[in-house]
Amino acid sequence: AVEETEPLQKLYNLLKARGFQTRMEGVALSLLLDLCKTSPQLISTNIVQIFDYFVLRIADSRKKVKQKALDILAEITGILRDALNPVIICLVEGITNNLNSKDPGVHAA
């Protein structure tokens with residue numbers, strides 16, 4: 001159980017960090033993507049807690065963090081599929097808020 005909670009705690013800490021570089025690291029390291037690929041059951045079990053933090057990165061004030069989070073989301077959507085049901089509303093809200101982005105990278109992601 002400890003070996004399962006350790007990567008989750010690391011992910012939480014990176015995604016909720018105050019410093020933008022640390023938040024970017026949390027998204028750019030693709031720890032979430034790696035966990036989705038290697039431990040989809042762990043992610044599915046903790047989906048609400050994980051996406052409470054991840055959705056914040058979709059709405060991040062830094063466009064690089066936001067764009068990377070949206071790119072990662074596109075990749076993990078195919079992996080998690082039905083496991084995303086409990087968080088789909090907050091994801092749609094986060095994605096929708098980015099549709100009007102003036103930044104072409106964010107808008108495209």
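For the reader, a short list of remarks on this structure follows.
- GNM remark for the chain: springs join alpha carbons under 10 Å apart, and the peak mean-square fluctuation among Ile79, Ile58, Ile89 falls on Ile89.
- Convex hull per residue volume in Å³, alpha carbons only, for the chain: 85 Å³
- Per residue of the chain, the DSSP helices (runs of n ≥ 4 H) give a summed -39500 (n - 2.57) that works out to -22500 deg cm²/dmol at 222 nm.
- Using distinct alpha-carbon pairs, which all enter the 1/r mean, Kirkwood radius of the range 1-47 in Å: 10.9 Å
Coordinate-derived values only; no laboratory data. On a predicted model such as this, the values are computed, not experimentally measured, just so you know.
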